[in-house]
Amino acid sequence: MDQAEKLRNVVKLKNQNLTQNARVITVTSGKGGVGKSNVAVNLAVQMQKLGKRVLIFDADFGLANVEVMFGAIPEYNLSDVIYRGKAVRDIITEGPVGIGFISGGTGITGMNDLSKEQILYLVKGLRELDEMADVILVDTGAGISDHVLEFVIASPEVLVITTPEPSSLTDAYSLLKTLYRNPNFIRTRTTIHVVANRVTSTQEGQHVYDKLNSVVSQFLQGQLHYLGMIPRDNALEKSVKQQKTVSLNVPSSRSAKAFEGMAVSLLNHEQDPVSVPTGIAQIFSKFLGQKQ
């Protein structure tokens, strides 16, 4: 029995006694600099405002965008759970409006070599997160690295962030092409939402989605879902420079209202079969399975 199978069996046993799982949504992009982490943080704020308990799992261990926007440096990360026996609850940093934040740190890179005892301890802790949160947003790194693809493949819901720039659209398509051609990716079990960032109008946002969906449909036989657009907004740009979240800093701004609309749209999709909460422990089970 290999490591991934052991973890899947542990998760299966845990699920027999627990019915509540968190809904996991992975936020990703084909390139850096398109506002991916900003989208994740603002959606978390808006969902929390709508009465959901939200956690952000920062799986981008190369950068610290989420913690910068939260204005809080985590004392611990996932490595402390795996290798130093910390409880998962102990590595949660509290962000604005009660949002929990967990840093993956370098723990993600070492997950190939976990012992059975480490697997059991990690899964037990992750199951606690399912009880603590209604929604867990996973903020991946940008691009098509193995770690990004493994999280995307494992997730039932994915948000792909792009801008109208040709290079951004090309990189978003490259990410999707790599995803669709991966033998472990099951398209019928995954909803891929598109967010058009930094657009000048509703029409431009729709155009960005239409262009990306057209090539995915034609060349990959796939189907994307348009979640919405985020307009170019001075309030958003100013908040980013101030390392603040626009949904809290200027809640009446156009961009904050756009984030609110997307949060409502996502929560309205809760009853879709593909959106049935699977839990963060199962996501990590699949994640490890792709790495074998």
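General remarks:
- Qualifying residue in region 146-165 (condition: surrounded by fewer than 19 Cβ atoms within 10 Å (Cβ to Cβ) and of a type in the set (S, T, N, Q)): no
- Tally of residues being small (Gly, Ala, Ser), surrounded by fewer than 21 Cβ atoms within 10 Å (Cβ to Cβ) and part of a helix (DSSP H, G or I) across region 214-248: 3
- Failed item, numbered, when Ile144 is tested on (1) touching a strand residue (DSSP E or B) at 6+ places or on another chain (Cβ under 8 Å); (2) at pLDDT below 90; (3) aliphatic (A, V, I, L, M): (1)
- Restricting region 23-55 to residues that are more than 13 Å from the chain's Cα centre (by Cα) and under 11 Å from Asp134 (Cα atoms), the residue that is surrounded by the most Cβ atoms within 10 Å (Cβ to Cβ) is Met47.
The values are calculated or read from the model by the stated rules, or taken from the named source; none is laboratory data. Source: prediction; values computed, not measured. Reconstructed Cβ throughout: ideal geometry from the backbone, glycine too, with neighbour counts over all protein chains shown.
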